[in-house]
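Some notes on the structure that comes next.
Laboratory data are not the source of any read-out in this text; all were calculated from the coordinates shown. These numbers were taken from a predicted model, which means no experiment stands behind them. We place every Cβ from the backbone using ideal geometry, glycine too, and count neighbours over all the protein chains shown.
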């Protein structure tokens, strides 16, 4: 039930959906009426604020966990990579389709090659409501194998469907590998806060190594503050989803 509700919440928190609702409200209102003007003003305000690159970037900068220099990562037994960065419903299924956030796996590879971690744990089954051809963990393992990471250095957890289960099932996996005592957690910067909380809740306290940043460095040029960016709406969706998700997890005691 929680899984289905989370997918419904994803849909409800889309600013693009809000814009469609506001425009439909204006369309069905009496032409020239006060109600129609209010619908249109609300839609205009949403577009003005929702497409402002600076506003969403500043909000994300306040929420994301900042990048961690490689030299600041203490050597650990394994990196834990959270999935959610492949298009598992894309065919043909003879390759891996990487999406936004692919540097979760490339950052893990970077730590592995730099000798900061000895093994890589990939946690994630499928976040899809319907069944899919492959798990996300297997997809990312394929990428690591293409990068010549030995099979024995890759561990897969393929049951989890959300962050809470990532932590819960990773803990179960580690029970079968008592030699792994220290971890580095790799997920998106905006998601690190919730992920670290979930792992702490099950008794795991990994180092944080954020990836997949939706932000850019702050600057003072006019284009940063004034030029509309339609992609900002998508980033607002990401931020709102994560903030609400974090609050729900907190209330539920998951993190």
Folded to 0 to 90 degrees: helix 231-252 orientation relative to the chain principal axis, Cα: 60 degrees
message: If I stretch the segment between residue 219 and residue 11 completely, what's the gain in nm (0.36 nm per residue apart, minus their alpha carbon distance), one decimal?
response: 71.7 nm
message: Output the 0 to 90 degree angle, nearest 10, between the alpha-carbon long axis of helix 15-28 and the longest principal axis computed from the alpha carbons of the chain.
response: 20 degrees
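Translational diffusion coefficient of the chain at 4 °C, 1.567 mPa s, Stokes-Einstein with Kirkwood Rh over Cα pairs, in µm²/s as a whole number.
The calculation lands on 65 µm²/s.
With an 8 Å cut-off on Cα pairs and a minimum separation of 6 or more residues, tell me the relative contact order of the chain in percent.
Working: 388 pairs, mean separation 65.2, N = 255.
This gives 26 percent for the chain.
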- line: the chain, Gaussian network, Cα under 10 Å: of 148, 137, 76, the residue fluctuating most is 148
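Mind checking the full-extension length gain between residue 227 and residue 240? Use 0.36 nm per residue of separation minus the Cα-Cα distance, one decimal, nm.
Values: separation 13, 0.36 × 13 = 4.68 nm, distance 2.21 nm.
Answer, rounded to one decimal: 2.5 nm.
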field: Packing-based order for 218-228, 192-202, using average beta carbon neighbours within 10 Å, highest first
entry: 192-202, 218-228
query: Between the helical axis of 53-63 and the dominant principal axis of the chain, each derived from Cα atoms, what acute angle in degrees is found, rounded to the nearest 10?
result: 40 degrees
task: Please report the relative contact order for the stretch 70-208, taking Cα pairs under 8 Å with a sequence separation of at least 6, and give it as a percent rounded to a whole number.
output: 29 percent
message: I'd like to compare 55-68, 162-175, 78-91, 25-38: which one has the highest average count of other Cβ atoms within 10 Å, and what's the full order after that?
response: 78-91, 162-175, 55-68, 25-38
task: Above 21 angstrom, tally the Cα pairs of the stretch 70-208 and express them as a % of all pairs, no decimals.
output: 36 percent
